[in-house]
Amino acid sequence: MRFLFGEVTDLRFVKDLRREDVARELRSDHDKASALDLILMLLDEDISKTKPLIAEALDDLLTEEAVVIYLEKIFYAKPLPAEAAWEDALYICGQMFPRPHAWLSSLIEKQDDIAWIKNVWDSISTDIFGNEKDRANFQKIAVHEGIFRDLVLHCHDSVKLGLININTAKNEGVKALPNHRTILQALFTPFRNPREKRVLEDEREETVSNRKKGRQRLGLDREIIKGVVQRQVDYITVAMKNRDLAVARRSTDDLILYQTGKGEPIHLVKSLCQIAQNAKEFGFYEFQLELTEKAVALEYSDAWTQAQHGDALLRNSRFDEALKTYEIAISFSLGKNIETEIVGKNGYAEVLKAQGRFDEALKIYEEIRRSHPEDVVAKTGYAEVLKAQGRFDEALKIYEEIRRSHPENVVAKTGYAEVLRAQGRFDEALNI
């Protein structure tokens with residue numbers, strides 16, 4: 001038999017079953033294995049974009065009680081590793097998949113008890129088992145028979161634990177193990193003996209405290225939140241790329257709910273501005289404005305946020321409001337952030353250009369060019385105004401200057417070709 005099945009270790013022998021019974025057992029085992037794989041993928045921090053599909057598939061499988069119990073037997077035997085992306089998983093499941101969300105929530109709530117019981121198991125001397133191999137074999141059976149699961153579910157009920165201990169000792173799989181009675185006594189007694197239980201509970205509180213301190217020390221919570229947020233921003237971006245604005249809006253609302261209370265408001269503001277920039281790239285200017293309005297409401301005094309809002313107002317042709325908003329951005333950045341100040345001034349000039357107020361726009365662009373000659377935005381903006389005024393030779397000169405120092409600049413290349421076309425120099429324009 002061992003040559004037939006090779007290294008297979010999870011054989012289950014059955015007899016006197018009908019064909020349909022065998023099919024049912026195979027489906028059940030397949031569902032259990034699939035659910036385990038899906039849970040592991042859901043908790044994998046390296047998997048992101050497919051997690052909604054994973055959660056959906058898991059939601060269907062968790063309708064079966066046998067699948068739920070199977071997963072609990074495995075995950076209640078050992079606490080989750082620090083790198084498990086459980087907050088990410090909870091967030092994704094919480095959007096539309098109640099069964100995996102409820103199951104994961106329960107698992108997270110029980111982590112301290114799981115760690116507590118694992119510590120008790122690890123404290124049992126290897127000599128009682130015989131050797132490390134026997135310990136590992138006993139642990140495997142304990143997981144399979146749900147001993148750790150029973151302890152987690154009833155570790156605070158001494159009476160219930162007594163009955164579980166008795167029934168476990170009668171289990172055929174456990175009875176076949178060497179020294180099983182002594183091992184079960186070492187595992188169960190601390191939870192049923194009042195004095196030992198008090199000592200254990202003190203140790204449990206210390207374990208819980210150390211786990212929390214460890215998370216704080218390593219900054220795991222912050223990193224988890226950061227990862228969840230970025231993955232959700234990516235998910236929203238994909239939705240916009242697919243022109244599914246309804247999903248993007250709904251997912252953004254979910255992100256706002258998630259990020260609210262997780263840290264300083266400025267972190268949520270940054271997320272909203274990032275999504276707004278992506279919305280602008282995809283041409284969703286109204287959505288861009290909605291996002292920057294929310295951002296400004298959260299952090300009115302942040303210059304960068306005001307500048308982003310000014311750009312959104314400009315894209316929606318609300319020019320007077322855009323000018324006022326850029327003025328606010330400039331005032332908040334003066335003497336504090338030169339980069340944001342330049343962005344504000346360039347934006348202000350861009351609005352003036354859009355209004356046809358070319359001389360005023362040129363004046364601001366020229367001011368920026370004198371004080372910050374390295375700023376490409378001001379140079380291209382200046383050339384675009386000259387082009388709009390019909391001052392083609394001057395515009396070509398500026399564009400050519402930009403193309404020499406910044407050959408990758410698309411705005412300069414496109415503007416240069418447009419001026420040549422306006423001058424009737426079509427062949428030259430085509431070669432740009």
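Here are the numbers for this structure:
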read-out: Test: residue in the range 103-117 that is open to solvent by 50 Å² or more (accessible area, probe 1.4 Å) and touching a helix residue (DSSP H, G or I) at 6+ places or on another chain (Cβ under 9 Å); value: no
read-out: Restricting the range 121-159 to residues that are among the small types (Gly, Ala, Ser) and not in a loop (DSSP other than H, G, I, E, B), the residue that is farthest from Lys170 (Cα to Cα); value: Ser123
read-out: Failed condition for Lys262, given (1) assigned to a loop (DSSP other than H, G, I, E, B); (2) more than 26 Å from Trp86 (Cβ to Cβ); (3) not small (Gly, Ala, Ser); value: (2)
read-out: Condition met for Ser123 (under 20 Å from Phe191 (Cα atoms), surrounded by fewer than 15 Cβ atoms within 10 Å (Cβ to Cβ) and free of Cβ contacts under 8 Å to residues at least 40 places away in the same chain); value: yes
read-out: Test set (1) open to solvent by 70 Å² or more (accessible area, probe 1.4 Å); (2) of a type in the set (Gly, Ala, Ser); (3) under 30 Å from Lys49 (Cα atoms) - Gly94 fails condition number; value: (1)
read-out: Which listed residue is more than 23 Å from Gln308 (Cα to Cα) and either at pLDDT below 90 or of a type outside the set (Val, Ile, Thr) (or both), from Tyr382, Tyr416; value: Tyr416
read-out: Inter-residue pairs, beta-carbon under 7 Å, first without any contact (Cβ under 8 Å) to a residue 40 or more places away in the chain and in the range 415-431, second among the charged types (D, E, K, R), 6+ apart; value: Gly415/Glu384; Gly415/Lys387; Tyr416/Glu400; Tyr416/Arg403; Glu418/Lys387; Val419/Lys387; Leu420/Glu428; Ala429/Arg421
read-out: Residue in the range 310-323 that is without any contact (Cβ under 8 Å) to a residue 40 or more places away in the chain and more than 27 Å from Glu360 (Cα to Cα) present; value: no
read-out: Selection count where residues are under 17 Å from the mean Cα position of the chain (by Cα) and of a type outside the set (S, T, N, Q), scope the range 98-107; value: 3
read-out: Sole exception among (1) open to solvent by 80 Å² or more (accessible area, probe 1.4 Å); (2) over 15 Å from Ala102 (Cα atoms) for Glu65, by number; value: (2)
read-out: Selection count, the range 347-366, where residues are within 12 Å of Val385 (Cβ to Cβ), assigned to a helix (DSSP H, G or I) and of a type outside the set (D, E, K, R); value: 8
read-out: Test: residue in the range 185-193 that is modelled with pLDDT under 85 and not in a helix (DSSP H, G or I); value: yes
read-out: Some residue of the range 184-197 being surrounded by 15 or more Cβ atoms within 10 Å (Cβ to Cβ), within 28 Å of Lys32 (Cα to Cα) and of a type in the set (Lys, Arg); value: no
read-out: Hey, Ala297 open to solvent by 60 Å² or more (accessible area, probe 1.4 Å) and not charged (D, E, K, R) or not; value: yes
read-out: Long-range neighbours under 7 Å by Cβ, at least six apart or interchain, first residue in contact (Cβ under 8 Å) with a residue 12 or more places away in the chain and hydroxyl-bearing (Ser, Thr, Tyr) within the range 372-401, second open to solvent by 30 Å² or more (accessible area, probe 1.4 Å) and assigned to a helix (DSSP H, G or I); value: Thr380/Val411; Tyr382/Glu366; Tyr382/Arg369; Tyr399/Tyr416
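For every residue, the table says whether it meets (1) closer than 30 Å to Tyr300 by Cβ; (2) buried (at least 21 other Cβ atoms within 10 Å of the Cβ).
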position: Gly347; (1), (2): yes, yes
position: Glu367; (1), (2): yes, no
position: Glu374; (1), (2): no, no
position: Ala378; (1), (2): yes, yes
position: Lys397; (1), (2): no, no
position: His406; (1), (2): no, no
position: Val410; (1), (2): no, no
position: Ala429; (1), (2): no, no
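Residues are listed down the side, and each one gets a yes or a no for (1) part of a helix (DSSP H, G or I); (2) modelled with pLDDT under 80; (3) more than 30 Å from Ile236 (Cα to Cα):
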| residue | (1), (2), (3) |
| --- | --- |
| Asp21 | yes, yes, yes |
| His30 | yes, no, yes |
| Ala33 | yes, no, yes |
| Leu38 | yes, no, no |
| Ile47 | no, yes, no |
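The values are calculated or read from the model by the stated rules, or taken from the named source; none is laboratory data. In this text, all values refer to a predicted model and were calculated from it rather than measured experimentally. Here the Cβ is made from the backbone with ideal geometry for all residues, glycine too, and neighbour counts use every protein chain on show. SASA here: full protein model, heavy atoms, side chains in, ligands and nucleic acids out. Shrake-Rupley method; radii C 1.70, N 1.55, O 1.52, S 1.80 Å.
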